[in-house]
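The values are calculated or read from the model by the stated rules, or taken from the named source; none is laboratory data. Treat the numbers as computed from the prediction; the structure is a model and nothing was measured. As a convention, Cβ positions derive from the backbone with ideal geometry for all residues, glycine included, and neighbour counts pool all protein chains shown.
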């Protein structure tokens, strides 16, 4: 079960999950540009910048809490996932931060009480969501599924919510990682004791926006770019101290 934010919402750039055509075109255009200058992949920071420019928002390279992009009182936690078939991917694993129950809850041995550790892990996430809602009316998780080989992409978003820790059960899997499941037995979370990485599993909704880029641009050569900016070796000067 999830708890939503309580603040009254101002108008966000678009309704939740309803990506305007011009925003998607802008995203595609920025991807084409990056391919043209020789970039071979799109990282989370890359897509945060791309999305912020597409909606006229602000990208925080050093996010406050979980807010990567801000616009009109709305904040996004931006995540990217590689997939072989973005159009038919049903579920994705999204890394959602490093949640350390030792640092936040003084749990020095997470294996001693796995259920208590699991509750602490979710409380850390809930705290981050709560902090973000103090300065934003709307908080969304934006997921970008990509295949740069086929130029196929899927984007979807959902409201970032706080989880009720008592609604989940935790166990240790064969890799000694902790898995959280809901009352129906659905695998919802994974937490790695080594590194404290917290992963949330999301179902990809049928309403997700799927698109492809139909033309792969020829990457510009380094010499072509240098000629375009009128580069000269005299630009490089030795500095002696």
Going through the stretch 34-63 one residue at a time, which ones are touching a helix residue (DSSP H, G or I) at 6+ places or on another chain (Cβ under 9 Å), in contact (Cβ under 8 Å) with a residue 40 or more places away in the chain and either surrounded by 13 or more Cβ atoms within 10 Å (Cβ to Cβ) or not in a loop (DSSP other than H, G, I, E, B) (or both)?
42, 47, 51, 55, 57
Would you tally the residues in the stretch 64-76 being on the phi < 0 side of the Ramachandran plot and part of a loop (DSSP other than H, G, I, E, B)?
1
Among the residues of the stretch 180-202, which ones are out of contact with any helix residue (DSSP H, G or I) (no Cβ under 9 Å at 6 or more places or on another chain) and surrounded by 13 or more Cβ atoms within 10 Å (Cβ to Cβ)?
181, 187, 188, 190, 192, 197, 199, 201, 202
Can you find a residue that is part of a strand (DSSP E or B), closer than 30 Å to residue 212 by Cβ, touching a helix residue (DSSP H, G or I) at 6+ places or on another chain (Cβ under 9 Å) and touching a residue at least 12 places away in the same chain (Cβ under 8 Å) anywhere in the stretch 164-179?
no
What number of residues within the stretch 18-63 are at positive phi and either at pLDDT below 95 or within 15 Å of the chain's Cα centre (by Cα) (or both)?
1
Is at least one residue of the stretch 111-126 in a loop (DSSP other than H, G, I, E, B) and surrounded by 15 or more Cβ atoms within 10 Å (Cβ to Cβ)?
no
Can you list residue pairs whose Cβ atoms sit under 7 Å apart, with the first residue in the stretch 190-202 being without any contact (Cβ under 8 Å) to a residue 24 or more places away in the chain and the second being assigned to a loop (DSSP other than H, G, I, E, B)? Count only pairs 6 or more apart in sequence or on different chains.
192/177
Taking the stretch 216-241 and the residues there that are touching a residue at least 40 places away in the same chain (Cβ under 8 Å) and part of a loop (DSSP other than H, G, I, E, B), the one that is surrounded by the fewest Cβ atoms within 10 Å (Cβ to Cβ) would be 218
Among the listed residues 98, 146, 140, 93, which satisfies the condition of being surrounded by 14 or more Cβ atoms within 10 Å (Cβ to Cβ), touching a strand residue (DSSP E or B) at 6+ places or on another chain (Cβ under 9 Å) and either closer than 15 Å to residue 199 by Cα or without any contact (Cβ under 8 Å) to a residue 24 or more places away in the chain (or both)?
93
Can you spot a residue in the stretch 138-161 that is in a helix (DSSP H, G or I) and either modelled with pLDDT of 95 or more or under 22 Å from the mean Cα position of the chain (by Cα) (or both)?
no
Exactly one of 214, 166, 190 is out of contact with any strand residue (DSSP E or B) (no Cβ under 9 Å at 6 or more places or on another chain) and within 25 Å of residue 132 (Cα to Cα), and that residue is 166
